[in-house]
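Student: Structure provided below as structure tokens; questions to follow.
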Amino acid sequence: MYGYRARIGYTSPPAATEVFPYEFYKIVPDGVTLVLNTLPLVERDSDEVDRAYEVSLNVAHAMARAGCDLFCFGGLPINVSRGFKNAEEMAAATEAEIGIPVITSVSSQRDALAKLGSRRIGIVQPYDDSHGARHENYIREMGLEPTGYVCLDTTFIKLGEVDEEHVLESARRLCAEHPETDTVYMFCPHYAVINTIEKIEQEFGVTVMTSLQAIVWNALRRTGVDDRIDGYGRLLREF
């Protein structure tokens, strides 16, 4: 069986999901597989987010019936659409119902930042400037200090078209403009980032954490896969 070490169930918000599975399989060791359900998000407006929240709850049960070893509620905005505290309660209640470990995108990123000892967070976010304050508030909700952000100026449906070189140059600009940053946080696991992680860590002496990297790390460790993985940052290499 392909997933003889771990089968990871995940709800992926974009209706057209491309980057997440590609980067997932570049990171994970042999024997770990992704069981993917795509949610009906195209514009990512409030109505779609509300529907996705309800669909995710039903999908969790299907993932358990399919024999997954762990289930992850994807989509930080979906996770926290009814509050950060509710996200924790939702995951705990679902885990009790379906009988397998349940994590969320937000818990994975929060736990990864804690493990890394991050305090001052610079943000790379994929959308335009109107989304900057929202991403800074996520950082504050996690008890950390945002130092600033840069925008990639794309839209939800166009995430798969983001150029990795654009991400790299944006992260470099963030580090240059906010030298107090100790961690560069690349929000959203649906645009190309993983080949930028080591370059930024080595060039600026900071830690880089991406949403996908954190989700994969948390899922692996919760399913007992403790391989230390090189090439994709401190989180996967050291913890």
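The values are calculated or read from the model by the stated rules, or taken from the named source; none is laboratory data. Predicted model, so just to flag it, every value in this text is computed and none were measured. Neighbour counts are summed over all protein chains in view; Cβ atoms, including those assigned to glycine, are modelled from backbone coordinates with ideal geometry. Ligands, DNA and RNA are excluded from the accessible area calculation, which covers all protein heavy atoms including side chains. Shrake-Rupley method; radii C 1.70, N 1.55, O 1.52, S 1.80 Å.
Student: Going by what's in this entry, would Tyr149 be described as in a helix (DSSP H, G or I) and among the aromatic types (Phe, Trp, Tyr)? Steps first, please.
Tutor: Numbers: in a helix (DSSP H, G or I): no; among the aromatic types (Phe, Trp, Tyr): yes.
It is false that Tyr149 is in a helix (DSSP H, G or I) and among the aromatic types (Phe, Trp, Tyr).
Student: Checking the conditions here, which among Arg7, Arg110, Arg51 is at pLDDT below 95 and open to solvent by 30 Å² or more (accessible area, probe 1.4 Å)?
Tutor: Values: Arg7 fails: at pLDDT below 95; Arg110 fails: at pLDDT below 95.
Result: Arg51 is the single residue among Arg7, Arg110, Arg51 that is at pLDDT below 95 and open to solvent by 30 Å² or more (accessible area, probe 1.4 Å).
Student: Any idea how many residues of region 129-159 are of a type in the set (Gly, Ala, Ser) and open to solvent by less than 40 Å² (accessible area, probe 1.4 Å)?
Tutor: First pass over region 129-159, keeping only residues of a type in the set (Gly, Ala, Ser): 130, 132-133, 143, 148.
Those still in the list that are open to solvent by less than 40 Å² (accessible area, probe 1.4 Å) too: 132, 148.
Final tally of qualifying residues: 2.
Student: Here's another thing I want to ask about it. Pairs under 9 Å by beta carbon, first residue aliphatic (A, V, I, L, M) in region 171-183, partner open to solvent by 40 Å² or more (accessible area, probe 1.4 Å), six or more apart or different chains?
Tutor: Partner pairs satisfying both residue conditions: Ala171/Lys199; Ala171/Phe204; Leu174/Tyr149; Ala176/Phe204.
Student: Something else now. Kindly establish whether Ile100 is open to solvent by less than 60 Å² (accessible area, probe 1.4 Å), among the β-branched types (Val, Ile, Thr), modelled with pLDDT of 95 or more and closer than 20 Å to Leu235 by Cα. Write out each step before concluding.
Tutor: Values: open to solvent by less than 60 Å² (accessible area, probe 1.4 Å): yes; among the β-branched types (Val, Ile, Thr): yes; modelled with pLDDT of 95 or more: yes; closer than 20 Å to Leu235 by Cα: no.
When the stated conditions are applied, Ile100 does not pass them.
Student: Which residue, of Arg222, Arg172, Arg228, is charged (D, E, K, R) and open to solvent by less than 70 Å² (accessible area, probe 1.4 Å)? Before you say what the answer is, go through the steps one by one.
Tutor: Working: Arg222 fails: open to solvent by less than 70 Å² (accessible area, probe 1.4 Å); Arg228 fails: open to solvent by less than 70 Å² (accessible area, probe 1.4 Å).
Answer to the check: Arg172.
Student: Still on this structure, I have one more. Here is a list: Leu220, Leu212. Which entry is touching a residue at least 60 places away in the same chain (Cβ under 8 Å) and out of contact with any Phe, Trp or Tyr (no Cβ under 9 Å at 6 or more places or on another chain)?
Tutor: On the way: Leu212 fails: out of contact with any Phe, Trp or Tyr (no Cβ under 9 Å at 6 or more places or on another chain).
That would be Leu220, the only listed residue that is touching a residue at least 60 places away in the same chain (Cβ under 8 Å) and out of contact with any Phe, Trp or Tyr (no Cβ under 9 Å at 6 or more places or on another chain).
Student: If you don't mind, there's one more thing I want to ask. Filter region 77-88 down to the residues that are assigned to a helix (DSSP H, G or I) and open to solvent by 70 Å² or more (accessible area, probe 1.4 Å) and list them by number. Break it down into steps so the answer makes sense when it comes.
Tutor: Pass one, region 77-88, residues assigned to a helix (DSSP H, G or I): 77-79, 84-88.
Residues satisfying the conditions are Lys85, Glu88.
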